Amino acid sequence: MTPGRAARKYKKTLEKAKEREAIRENRAALQVIAYPHSFRDDAERFPHLHELETRYEQGEKLSGKEIEYMCQSEYYEGRLELEECDDYRFYRIYLEHLVVKHKFGMPAETATRTEKFLYQKKLAPEVTKSRNQELDKFYTEWKAKMENVSPTSDRLLMEVRKETNEMLKKSRASSSDTDLSIEKMEAQEREIIFQSKATYVKVKNTLMHLGIDRVAFTFCGEEVQVDECSLIHILWRHFAAETKLYDDQKSLFTSVIRVETLIFKLKEILERIEKSEQLGDTIPADVFFRHYGKLYRVYFHQVTKSEEGREDYLVYRVNTFYPVDLEKDINDSKELTAEKIDKWLKVYV
């Protein structure tokens, strides 16, 4: 077999393997977010929804998935007024806002008449006006939370606040370099506040569905954790290209790795690398690996943690994790040697 033919055959095999992996990841993500009850029709669904609403009104604490299901149902019925549903309502209208502002999610030429109608409905002036009024309210409330420097027991909120202020600082520096007008600068900062709340809601819901706030495992002889801080940084920087208002020089994930399964996927990959013993007993600052033909980089950072029932301890947190596209990362990887772990995984040493 000629080198050219062998290369084409490998590429074809790789693409099929990536498709299968993406399907597995999508199925796994759907299992994570699935509601524990299924209904054949509204005749079965409505009594269950009524039961949830009654329990909620009587002050009973519902599970995260029950609250999400109740809010989702009420949203589609146009009566989403419960305070408990504010995050869900914001996330829905934020996605609609992206559709209108950035033409994200436009229906394809092959879309059905109903899909095209629903898309056009989002663009209607009266709908846009109502949505913007709601967004104004969410913007004011969330901006105040981001500006509040008081300590809070909500660790997720504290980390999002830190990330938000860093992104605002970078946005202002970028605007200054490009002589952006005051109006455009304010509009850009407004979008960052929206993205901040959307990130908070998405990470909060993801952790709720997973039923954990982190995973811990051993890597190069050290305890490593992927936690809410890891997810915030990764989600904000390396997902959702449609929300980025300026080029922040960050690479983006594809469907091979989903937000809903990222914690466990990264843990699985690093444990396979650990088992290979290719990296030794000293944890590096960062690791390159190639997964299904795509190069990734993961950074670790040692932090001190404290929790109930355990004294303060040192642990390595996954600080960030992303697919490699930028020249600097590519050049860094070229200084290392790729060692095969299995058919679709290599680590660079």
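Residue 60 - would you say it is outside any helix (DSSP H, G or I) and farther than 17 Å from residue 88 by Cβ?
yes
Any idea which residue in the stretch 296-320 is nearest to the chain's Cα centre (by Cα), counting only those that are surrounded by 16 or more Cβ atoms within 10 Å (Cβ to Cβ) and either at pLDDT below 95 or not in a strand (DSSP E or B) (or both)?
320
Quick one: would you say residue 337 is without any contact (Cβ under 8 Å) to a residue 40 or more places away in the chain, more than 30 Å from residue 204 (Cα to Cα) and of a type in the set (S, T, N, Q)? Give the steps one after another, and end with the answer.
Values: without any contact (Cβ under 8 Å) to a residue 40 or more places away in the chain: yes; more than 30 Å from residue 204 (Cα to Cα): yes; of a type in the set (S, T, N, Q): yes.
In short, yes.
Right, residue 130: out of contact with any Phe, Trp or Tyr (no Cβ under 9 Å at 6 or more places or on another chain), closer than 27 Å to residue 314 by Cβ and either of a type outside the set (Asp, Glu) or part of a helix (DSSP H, G or I) (or both) or not? Lay out the reasoning, then the answer.
On the way: out of contact with any Phe, Trp or Tyr (no Cβ under 9 Å at 6 or more places or on another chain): yes; closer than 27 Å to residue 314 by Cβ: no; either of a type outside the set (Asp, Glu) or part of a helix (DSSP H, G or I) (or both): yes.
Considered against the rule, which asks whether it is out of contact with any Phe, Trp or Tyr (no Cβ under 9 Å at 6 or more places or on another chain), closer than 27 Å to residue 314 by Cβ and either of a type outside the set (Asp, Glu) or part of a helix (DSSP H, G or I) (or both), residue 130 comes out as no.
Tell me, please, whether a residue that is hydrophobic (A, V, I, L, M, F, W, C) and over 30 Å from the mean Cα position of the chain (by Cα) can be found in the stretch 2-19.
Here is the first cut: in the stretch 2-19, the residues hydrophobic (A, V, I, L, M, F, W, C) are 6-7, 14, 17.
Narrowing further to those that are over 30 Å from the mean Cα position of the chain (by Cα): 6-7.
Taking every residue of the stretch 2-19 in turn, at least one turns out to be hydrophobic (A, V, I, L, M, F, W, C) and over 30 Å from the mean Cα position of the chain (by Cα).
From the list 181, 150, 196, 230, exactly one residue is touching a residue at least 60 places away in the same chain (Cβ under 8 Å) and hydroxyl-bearing (Ser, Thr, Tyr). Which is it? Steps first, please.
Values: 181 fails: touching a residue at least 60 places away in the same chain (Cβ under 8 Å); 150 fails: touching a residue at least 60 places away in the same chain (Cβ under 8 Å); 196 fails: touching a residue at least 60 places away in the same chain (Cβ under 8 Å).
Going through 181, 150, 196, 230 in turn, just one is touching a residue at least 60 places away in the same chain (Cβ under 8 Å) and hydroxyl-bearing (Ser, Thr, Tyr): 230.
State which residue is nearest to the chain's Cα centre (by Cα) when the search covers only the stretch 321-349 and only residues that are in a helix (DSSP H, G or I) and surrounded by 14 or more Cβ atoms within 10 Å (Cβ to Cβ).
Within the stretch 321-349, the subset in a helix (DSSP H, G or I) is 327-334.
With the extra rule that they be surrounded by 14 or more Cβ atoms within 10 Å (Cβ to Cβ), the set shrinks to 329, 332-333.
Working: 329: 22, 332: 26, 333: 25 Å.
Top of the filtered list is 329.
Out of the stretch 322-334, which residues are within 23 Å of residue 222 (Cβ to Cβ) and modelled with pLDDT under 95? Walk me through it before giving the result.
Step one: filter the stretch 322-334 for residues within 23 Å of residue 222 (Cβ to Cβ), giving 322, 332-333.
Result: 322, single match.
So, of the residues in the stretch 225-251 that are more than 25 Å from residue 330 (Cβ to Cβ) and among the polar types (S, T, N, Q), which turns out to be modelled with the highest pLDDT?
Of everything passing the filter in the stretch 225-251, 225 is modelled with the highest pLDDT.
Given (1) modelled with pLDDT under 95; (2) crowded, with 21+ Cβ neighbours inside 10 Å, where does residue 270 come up short, assuming only one miss?
Every listed condition holds for residue 270 apart from (1).
Have a look at 144, 198, 187, 173 and point out the one that is over 24 Å from the mean Cα position of the chain (by Cα) and either in a loop (DSSP other than H, G, I, E, B) or among the small types (Gly, Ala, Ser) (or both).
On the way: 144 fails: over 24 Å from the mean Cα position of the chain (by Cα); 198 fails: over 24 Å from the mean Cα position of the chain (by Cα); 187 fails: over 24 Å from the mean Cα position of the chain (by Cα).
Answer to the selection: 173.
Go through (1) free of Cβ contacts under 8 Å to residues at least 12 places away in the same chain; (2) of a type in the set (Ser, Thr, Tyr); (3) under 25 Å from residue 306 (Cβ atoms); (4) part of a helix (DSSP H, G or I) and name the single condition residue 164 misses.
Every listed condition holds for residue 164 apart from (1).
Go through the stretch 9-60 and give me each residue that's closer than 19 Å to residue 71 by Cβ and small (Gly, Ala, Ser).
34, 38, 59
When you scan the stretch 1-53, how many residues do you find that are of a type in the set (Val, Ile, Thr) and over 28 Å from residue 73 (Cα atoms)?
To start, the set of residues in the stretch 1-53 that are of a type in the set (Val, Ile, Thr) comprises 2, 13, 23, 32-33.
Within this subset, residues satisfying the condition of being over 28 Å from residue 73 (Cα atoms) are 2, 13.
Here the count works out to 2.
Report, ordered by the first and then the second residue, all pairs with beta carbons closer than 6 Å, sequence separation of six or more or different chains, a first member in the stretch 206-227 that is farther than 15 Å from residue 265 by Cβ, and a second member that is among the acidic types (Asp, Glu) and surrounded by 17 or more Cβ atoms within 10 Å (Cβ to Cβ).
Here the result reads 213/228, each pair linking the stretch 206-227 to a residue that is among the acidic types (Asp, Glu) and surrounded by 17 or more Cβ atoms within 10 Å (Cβ to Cβ).
The values are calculated or read from the model by the stated rules, or taken from the named source; none is laboratory data. Everything quoted here is computed from the prediction, not taken from an experiment. Using ideal geometry, Cβ is built from the backbone for each residue, glycine included, and neighbour counts are taken over all protein chains shown.
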